[in-house]
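*Asks:* Below is a structure I'd like to ask you about.
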Amino acid sequence: VYVCVMDDRGVLSAKVEEFMRTYETELKRALLEPLTHSKHFSLPLNVILLFDFCAELGHVLVSSPGKLMPVFTDVLHRKLCSLLSCNGLPLVPKERVHVRPCSLPLCPELQRVSVPHCVDVGRLLSFTGVVTHSGPTKMLEWRRELVCTKCGKSVMAYADFEQQNTIATPQSCPGKDCDSVKLKAVGEELTKGDRYCDYQEVKVQEQVQTLAVGSIPRSVWVVLEDDLVDSCKPGDKVTVVGVVGRRWRPVCPAQRCALELVLRASHMQVAAGLQASAALTEALASVCVAPGGSAHLWPTC
């Protein structure tokens with residue numbers, strides 16, 4: 001176990017910026033490409049290379065991704081802005097950028113074929129399974145600007161992932177010299193792209209061939225956001241890299257509170273579709289012959 005000594009955000013930012021220099025060529029190539037209709041730019045982050053560069057930085061990423069991922073996003077923003085200002089080429093600025101960790105080290109703690117447990121909450125890991133259900137694509141309001149009706153001071157409220165993405169309104173004005181308790185939402189100041197994002201949930205099930213005999217495969221809900229939406233369909237074998245989170249189910253009087261584990265995806269790779277028609281190999285076809293030794297196969301329908 002690595003001993004983490006990087007508690008200062010400034011130290012983390014300096015280390016991340018030093019590591020991101022290896023991606024300058026890829027970032028320049030991305031800035032030359034036209035902007036897609038989704039206006040998203042995702043940078044795959046090889047976690048194995050990060051561990052080779054600095055083991056402590058890699059340990060912080062897998063153990064506390066909520067602490068390090070915002071640092072990576074800020075550094076990526078600064079890198080793109082500096083490349084735009086230093087080059088005379090016709091570069092296309094990217095509005096919404098994301099860092100997508102992938103290629104985790106091959107160890108049982110990080111590479112999973114079974115559903116994560118409660119001890120994994122808050123950790124970054126990889127889970128391989130089969131998509132069994134794909135939910136509809138929704139529009140999620142992930143932040144809302146509120147303004148005080150008395151002093152006019154504004155504050156930004158964000159959706160709480162653990163509370164089913166609800167946005168809690170502050171109980172009072174954030175201003176020091178204001179005692180007002182009335183805040184109203186300002187919907188005209190922000191565009192829809194700044195307030196809303198695409199949102200989808202898919203259910204991923206454990207692979208049957210990786211389980212012991214007699215075991216029942218379990219499933220976990222995977223949350224997809226932004227450009228990850230509609231990246232898979234039922235029947236696909238996927239490898240999801242994400243953060244294990246928990247969500248409170250709706251609280252009802254006289255009933256026990258319940259939590260559910262979910263995987264908030266940061267990267268998804270589709271391996272192949274698992275369909276019955278593709279499972280008929282040549283070895284299996286050689287034994288599926290008609291009675292009497294005929295070489296004709298039985299009808300598959």
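*Asks:* Ordering His267, His77 by how much accessible area each has at a 1.4 Å probe, largest first, what is the list?
*Replies:* His77, His267
*Asks:* While we're here: So which of Lys67/Lys203; Lys67/Lys176; Lys138/Lys237; Lys28/Lys153 end up more than 31 Å apart, counting from Cα to Cα?
*Replies:* Lys28/Lys153
*Asks:* Something else about it: Just the number, please: percent antiparallel of the DSSP beta bridges in segment 94-192, rounded to the nearest 5.
*Replies:* 85 percent
*Asks:* Per residue, how much accessible surface does segment 112-249 expose to a 1.4 Å probe? Answer in Å², no decimals.
*Replies:* Ligands and nucleic acids excluded, the result is 55 Å² per residue.
*Asks:* Then there is this: In what sequence, highest mean first, do 224-230, 23-29 appear when ranked by Cβ atoms within 10 angstrom?
*Replies:* 224-230, 23-29
*Asks:* Oh, and also: What ³J(HN,Hα) values, in whole Hz, does the Karplus curve 6.51 cos²θ - 1.76 cosθ + 1.60 give for segment 70-75 when θ = phi - 60°, with x put for Gly and Pro?
*Replies:* x, 5, 4, 5, 5, 5
*Asks:* Report ³J(HN,Hα) in whole Hz for each residue of segment 222-227, in order, from the Karplus equation J = 6.51 cos²θ - 1.76 cosθ + 1.60 where θ = phi - 60°; Gly and Pro get x.
*Replies:* So the J values, rounded to whole Hz, are 10, 9, 10, 9, 6, 6.
*Asks:* Using modelled amide H (1.01 Å from N, peptide plane; none on Pro or chain starts), what sits under 5 Å from the amide H of Arg123, excluding residues fewer than 5 places away?
*Replies:* Val244
*Asks:* Taking a 1.4 Å probe, which of Arg264, Arg247, Arg96 shows the most accessible area, and what order do the others take after it?
*Replies:* Arg264, Arg96, Arg247
*Asks:* Give me a comma-separated list of calculated 3J(HN,Hα) values for segment 228-239, in order, Karplus coefficients 6.51, -1.76, 1.60 applied at θ = phi - 60°, integers in Hz, x for any Gly or Pro.
*Replies:* Couplings: 7, 5, 6, 8, 8, 9, x, x, 7, 8, 10, 10 Hz.
*Asks:* Semi-axes of the equivalent ellipsoid of segment 107-166: what are they in whole Å, largest first, if each equals the square root of 5 times a C-alpha gyration tensor eigenvalue?
*Replies:* Equivalent ellipsoid semi-axes, largest first: 37, 17, 8 Å.
*Asks:* A follow-up question, please. So what is the relative contact order for segment 96-191, in percent, with contacts set as C-alpha pairs under 8 Å and at least six apart?
*Replies:* Across segment 96-191, relative contact order equals 19 percent.
The values are calculated or read from the model by the stated rules, or taken from the named source; none is laboratory data. The shown structure was predicted, so the numbers you read here are calculated from the model rather than taken from an experiment. Ideal geometry is used to build each Cβ from the backbone, glycine not excepted, and the neighbour counts take in all protein chains shown. All accessible areas refer to the heavy atoms of the entire protein, side chains included, with ligands and DNA or RNA removed. Shrake-Rupley method; radii C 1.70, N 1.55, O 1.52, S 1.80 Å.
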